[in-house]
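The values are calculated or read from the model by the stated rules, or taken from the named source; none is laboratory data. As the structure is a prediction and not an experimental result, all values here were calculated from the model. Methodologically, a virtual Cβ is constructed for each residue, glycine included, from the backbone with ideal geometry; neighbour enumeration extends over all protein chains shown. Side chains are part of the model used for accessible areas, which takes the heavy atoms of the whole protein and leaves out ligands, DNA and RNA. Shrake-Rupley method; radii C 1.70, N 1.55, O 1.52, S 1.80 Å.
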Amino acid sequence: MSVFKFQAYDLVVCGAGPAGLMTAYTFAKMVGNSKKVLLLDKKEPWKEPIFCAEAVSTDRLSKLWPIDRSWVRGDISGIYFTSRKRYRAEFYSKNCGMILDRPKFHHSIADGCLNVGAECHFDTVVKKLSRNADGSWNLEVQPKGGEGETICAKAVVDATGPGSRLTRGIECLEGIESGDTDLEPAIFAVAEGIEHSREHIELFFGSEFPDGYGWIFPRDGVEVNIGFVLGKNVNREGTLRQRLLDFIAKDYPQAKVKAVYGGMIACGQSTRPMAMCGLFKAGDAASCMNPISRSGIVEALLCGTIVARSVNEWLDAKSESERECVERSVLDRWMKALGKSHLQLQRAKAGFNSITDEQFDRAAEKLSKLPREKQTLFRIFFTVLRTCPSLIWKMRSFIC
Ligand SMILES: Cc1cc2nc3c(=O)[nH]c(=O)nc-3n(C[C@H](O)[C@H](O)[C@H](O)COP(=O)(O)OP(=O)(O)OC[C@H]3O[C@@H](n4cnc5c(N)ncnc54)[C@H](O)[C@@H]3O)c2cc1C
């Protein structure tokens, strides 16, 4: 007997990360009982740790989902920008960000999905997609411990995260965004014994972390999340894990590493289509992350809202040409919301990456001598630029 309520759905959303959860929630809330939506994830997302440093902007998150303190680990009021010689510039802004407990946060949106009528199945992997002659999609799915089944959908959202494989090799989707633009390796440890301000995140720049940065994010006052992301073309001598353990041992010899996690970050905005033939991409599967900060949670939520509205219009469209028009509009809407600024940041990235240790040290030393209230983001940015005049030319597309 099938575990699903129906054999055919208007929309099936694959992946219940922030992008998939928000797509399913927004869509189900918008359509009420008039259309059927199914949300699937291969894991039960709140039962396992999520490979993430869990930091978000409070202001941006609160515009997308009501804040509930039960899934907030703590509030952030500042960022330390730390150079190779460990000079620290401090940007301070009361409660500018928060550290989430992501499993609990995901759970709260999943509860929201159920409340607005979305059917949800976790521990159910989507194994294969194929298109039928009438334009609908077949999904081969495998619930954990159950029988494999095939379900049908008029529209599908791929929100399966970076490097998503689900849509590869499907002829009618050739050219669609594949969530692998600028895939960068990231690794972090959850560790104890590292003294760190609970209300600051710390970012480390310089040649230790080529084309990326290191970080310490507080968790609960006892544990921290310490890790780094590197550029995709960086020569990775030794394993990432060893590199991380060496960084911790050198700077924090008293630290006790409790667990190490790694993942890929798809952090390059592309201009490839985000929808074709009734298949829509959302979140990391659509390379929607910020290319420099590498944040992707709020971006995935926002993308989910755009995709949900577009899918609804697509389902209501009266002709093939109207449907194609909606598909093309997804990228335009994303570009208007965030994609354009991501493209600018992407162009500026090479400039950032070319700043030398000496230039970072000089800028951070200078800034560290200023009173905290004078260390605005603007001043930090231009002090770094001034120590490295050639950067102004390299970053012209960002500034102009
Ligand atoms: C080490 C690291 C640190 C990070 N730190 C931050 C941070 O501090 N702040 C921030 O904003 N962003 C951070 N990010 C980025 C952030 O985690 C992602 O941008 C965000 O999770 C993207 O959401 P998503 O829904 O698109 O994809 P995901 O969160 O990856 O969700 C995809 C979901 O799809 C499911 N899935 C995959 N394949 C299938 C399948 N075949 N069938 C069914 N389900 C499937 C997965 O189980 C998963 O639940 C970090 C990323 C990494 C790797």
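Let's see if you can work this out: charge +1 on each Lys and Arg Cβ, -1 on each Asp and Glu Cβ, no other charges. What is the dipole magnitude of the chain about its Cα centre, in debye to the nearest 20? The partial results should precede the final answer.
Numbers: 55 positive and 49 negative charges, 211 e Å.
Value, rounded to 20: 1020 debye.
The spacing between segment 192-231 and segment 27-98, judged by their C-alpha centroids, is 17 Å.
Computed over the chain, the Cα gyration tensor eigenvalues convert (square root of 5λ each) into semi-axes of 39, 23, 19 Å, ordered from largest to smallest.
Bridging of K85 to lysines at a Cα separation below 20 Å is possible for K250, K366, K369, once same-chain residues fewer than 8 apart are set aside.
How many percent of DSSP beta bridges within the chain run antiparallel, rounded to 5? Beta bridges within the chain, antiparallel portion: roughly 70 percent.
Past 22 Å, Cα to Cα, is the threshold; run K36/K63; K127/K281; K128/K232; K29/K281 against it and keep the listed order.
Among K36/K63; K127/K281; K128/K232; K29/K281, the Cα-Cα distance tops 22 Å for K36/K63; K128/K232.
F209 exposes around 10 Å² of accessible area when a 1.4 Å probe is run over every protein chain in place. Here the label points at A350 and A337, each 7 Å from Cα along the C-beta direction, are separated by 3.0 nm in the simple model.
Test of understanding: extend the Cα→C-beta vector of Q254 to 7 Å, then name every residue of segment 174-191 with backbone N under 18 Å from that spot. Hits in segment 174-191 for Q254 at 18 Å: 191.
Computing the accessible area with a 1.4 Å probe over protein heavy atoms, can you report the carbon and sulfur percentage for the chain?
Working: 9470 of 18170 Å².
Result for the chain: 52 percent of the exposed heavy-atom area is carbon or sulfur.
In the chain, the calculated helix contribution to ellipticity at 222 nm averages -9500 deg cm²/dmol per residue, counting -39,500 (n - 2.57) for every DSSP H run with n ≥ 4. What you get for segment 28-127, charging only the Cβ of Lys and Arg (+1) and of Asp and Glu (-1), is a dipole of about 440 debye around the Cα centre.
Dipole magnitude for segment 273-330: computed about the Cα centre from +1 point charges on Lys and Arg Cβ and -1 point charges on Asp and Glu Cβ, it is near 160 debye.
Run the numbers for I67 and T239: contour at 0.36 nm per residue of separation, minus the present Cα-Cα distance, in nm. Don't jump to the answer; show the numbers that get you there.
Numbers: separation 172, 0.36 × 172 = 61.92 nm, distance 3.82 nm.
Computed gain between I67 and T239 is 58.1 nm.
Can you tell me the equivalent ellipsoid semi-axes for segment 171-241? Use √(5λ) from the Cα gyration tensor, largest first, whole Å. Each step should come with its number before you reach the end.
Numbers: eigenvalues 185, 51, 23 Å².
For segment 171-241, the semi-axes come out at 30, 16, 11 Å.
For the chain, the solvent-accessible area of protein heavy atoms averages 45 Å² per residue (probe radius 1.4 Å; ligands and nucleic acids excluded). The slack between K104 and E140, meaning 0.36 nm per residue of separation minus the straight C-alpha distance, is 10.1 nm. Computed over the alpha carbons of segment 1-118, Rg followed by Dmax gives 18.2, 64 Å. Listed by chain and number, the aspartates and glutamates whose C-alpha is less than 18 Å from the C-alpha of K42, apart from same-chain residues fewer than 8 away, are D111, E119, D123, E140, E147, E149, D158, D284.
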